[in-house]
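Everything on this sheet refers to the single structure shown next.
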Amino acid sequence: MKKKIRYLLISGSALLLLISATIRHANGSISGYTGSPIDGNVDCSNCHSGGSAPATVSISAMPAFGPGNTYTPNTTYTISESVSGYSHFGVDLEMVSSQSSSSTTDAGTFVAAVSNCRITPPFNPYPTNITHTAPIPAGQSAVFTWKSPASGAVYLYTCALGANFDGLQTGDKSVPSAMVLTPAPQGVQSDEASKVNLNIFPNPADLEIHLRYTLERKSDVSVSIYDLSGKMVKELMNASLDQGEQRFDSSVPAGLSKGIYTVNLTVDGIPAIRKLVIR
């Protein structure tokens with residue numbers, strides 16, 4: 001793989017030299033260094049380095065991934081990736097079926113590039129990539145749609161690059177990360193989970209949340225809040241409860257920022273999930 005740095009000069013009251021770092025396969029198609037085994041575990045720090053400020057990477061999905069980063073098979077997700085801590089950023093991402101560099105193929109299908117990114121077709125042996133089309137201003141996101149596979153683990157590899165926008169490769173921060181997605185329980189388990197008839201109010205919430213649900217039998221029950229990346233941010237309750245109508249009341253956890261989360265009610269290991277907006 002050969003890496004080329006492109007510079008775009010624009011005119012105005014000031015001349016700005018913008019970083020638009022791309023990586024090209026031998027056939028000229030643009031891809032990226034995500035840090036995955038198929039990329040030789042090489043990421044953007046191969047060229048960009050020196051940034052001292054931390055770069056915070058955020059990956060979210062709508063609908064949200066389930067507890068423990070589970071996906072619903074054959075479902076189309078809108079996935080967003082953003083970086084804070086620098087004035088601009090870039091992203092490279094792939095979602096593959098294996099951690100082995102010799103047997104990696106695309107896991108699921110990238111449907112469309114929604115904003116600030118492009119879909120780069122596979123070029124043997126490299127899989128399909130999502131790559132930024134230009135430096136993305138802080139506060140925006142690279143957004144794309146992805147259809148999950150029918151089964152199997154999905155290995156998401158990404159390298160986000162926080163850029164100080166000075167036209168040089170120094171002073172930038174590369175942040176490689178990975179996520180493993182597994183299929184959520186389907187069929188009878190999903191049908192059974194729907195029987196709890198979970199309701200949450202108020203929604204949006206600011207001070208308190210109230211849950212109402214039904215247990216068909218004595219069960220082990222837990223209530224947790226997850227962010228959109230599938231990370232649990234707070235367990236609210238874990239107990240053994242008797243059959244019948246149930247209620248659970250809680251204050252919104254201290255320190256929980258405004259945004260979209262999921263409330264996960266797990267009954268004997270079977271999750272019922274509802275979206276929760278904190279305002």
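The values are calculated or read from the model by the stated rules, or taken from the named source; none is laboratory data. Here the structure is a predicted model, which is why all the values come from computation and not from measurement. Note that each Cβ is placed from the backbone with ideal geometry, even for glycine, and that neighbours are counted across all protein chains shown. Surface areas here come from the heavy atoms of the whole protein model, side chains and all, with no ligands, DNA or RNA. Shrake-Rupley method; radii C 1.70, N 1.55, O 1.52, S 1.80 Å.
Among the protein heavy atoms, those of S80 account for about 30 Å² of accessible surface (1.4 Å probe, every chain in place).
Each residue of the range 46-55 was assigned a 3J(HN,Hα) from its phi angle through the Karplus expression (A = 6.51, B = -1.76, C = 1.60, θ = phi - 60°), giving 4, 10, 9, 7, x, x, 8, 6, x, 10 Hz with x at Gly and Pro.
Stretching the chain fully between E208 and S151 yields a gain of 16.8 nm (0.36 nm per residue, less the alpha carbon separation). Other residues with beta-carbon under 10 Å from the beta-carbon of T158 carry, at +1 per Lys or Arg and -1 per Asp or Glu, a net charge of -4.
The string of couplings for the range 160-176 from the Karplus curve (6.51, -1.76, 1.60, θ = phi - 60°) is 9, 10, x, 10, 8, 6, 9, x, 10, 8, 8, x, 9, 10, 9, 10, x Hz, one whole number per residue in order, with x for Gly and Pro. Rounded to the nearest Hz, the phi-derived 3J(HN,Hα) couplings of the range 81-87 under the Karplus curve 6.51 cos²θ - 1.76 cosθ + 1.60 (θ = phi - 60°) are 10, 9, 9, 10, x, 9, 5, where x marks glycine and proline.
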